[in-house]
Amino acid sequence: MALAAAPLTSRPVLADLLPAADTRLGAALRELALVGGGAALTGLAAQFSVPVPGSPVPVTGQTFAALLVGTALGARRGAAALAVYLLAGVAGLPWFAGGSSGWAMPSFGYVLGFVLAAALTGLLARRGADRGPLRTAGVMVLGNLTIYAVGVPYLAAALHVPLAKAADLGLYPYLVGDALKTAVAMGALPLAWKLLGKRA
C-alpha cells in the first residue's frame, strides 16, 4: 500500500499581514486594491527606463517590481496584478517601459513572462521561500529565468533572428543588473519578515 504524500503547507505572504476586512465587500475591495496596487507599482517602475545600445530591450525597474509583486501578494493576486498591467498596457495605457503601450514591440514577450513569473514567485512565497536570504535569491533567479524563457524566444521571433542572437540582445546584457536586484531582494524581503512576520 503506497503512502500518501504529505500536503505542502501553505504559509502567509506579506500581503496577508495587512489588516483583514470585516465585511465581504470590504474583503473584495481589499483584494482589488492589492491587485491594482501591484499593477500600478509595476507600471511606475517601468518608467525608470534606460536604453541599451544595440538592443530593443531597455533596462527598467518593471522586472524587479513584477517579481516583488508576485512574492508579496502570492500567486493568485500576483498573477492577477501582472495580468491587469499587461491588459491595460495592451489597451493603450502608456505604462509599459518608457511610457509605451500596445503589443507591437519586440520586448512584449517579457511582459507576458511577468505574469508567469509573478505566479511562480507567489507560489514559492506561499511555501516560505522568501523568509531567508538564500531562498529569496532562489526565488528571484527562478522568476528571472521564467521571464527570459518567454521573452527571449518572443524577441527572436519578433526580430526574425536566431535564438542565440536574441540571447545576445535580450539576456546576457542584463545578467549583472539581475544579480544586483537579487541582492537587494535578499536583504529586503527577509528584513520585511523579520520586522512584520511575528503577525503571521
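If the only charges are +1 at each Lys and Arg Cβ and -1 at each Asp and Glu Cβ, what is the size of the charge dipole of the chain around the Cα centre, to the nearest 20 debye?
On the way: 14 positive and 6 negative charges, 127 e Å.
For the chain, the charge dipole is close to 600 debye.
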Axial C-alpha extent at least 20 Å, average Kyte-Doolittle at least -1.0 - helices from the chain (DSSP): 24-46, 75-90, 108-125, 133-159, 175-196
Semi-axes of the chain from the Cα gyration tensor (sqrt of 5 times each eigenvalue, largest first, whole Å) come to 30, 20, 16
Taking max minus min of the Cα coordinates of the range 1-119 on each principal axis, largest first, gives extents in Å of 58, 44, 21
Farthest toward positive dipole pole in the range 20-136 [+1 Lys/Arg, -1 Asp/Glu at C-beta], among P51, A20, A72: A20
Work out Dmax and Rg for the range 136-186 from the C-alpha atoms and quote the Rg first, both in angstrom. 12.0, 37
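Restricting attention to the range 75-169, which chymotrypsin sites (Phe, Trp or Tyr not before Pro) occupy a DSSP loop and are surrounded by at most 15 other Cβ atoms within 10 Å? Before the final figure, lay out each step's value.
Numbers: sites: Y85, W95, F96, W103, F108, Y110, F114, Y148, Y154; in loops: W95, F96, W103.
Answer in residue order: W103.
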GNM top mover of A97, A118, A158 - the chain, alpha-carbon springs below 10 Å: A158
How far is the Cα center of the range 142-200 from the Cα center of the range 13-53, in Å? 20
Report the one residue of G122, A88, W103 whose Cα lies farthest in the direction of the positive end of the charge dipole of the range 71-181 (charges on C-beta: Lys and Arg +1, Asp and Glu -1; origin at the Cα centre). G122
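In debye to the nearest 20, how big a dipole does the range 91-178 give about its Cα centre with +1 on each Lys and Arg Cβ and -1 on each Asp and Glu Cβ? Could you put the intermediate results ahead of the total?
Numbers: 5 positive and 3 negative charges, 62 e Å.
About 300 debye.
No value in this document is a laboratory result; all are computed from the given coordinates. This structure is a prediction, so every number in the text was calculated from the model and none was measured. Methodologically, a virtual Cβ is constructed for each residue, glycine included, from the backbone with ideal geometry; neighbour enumeration extends over all protein chains shown.
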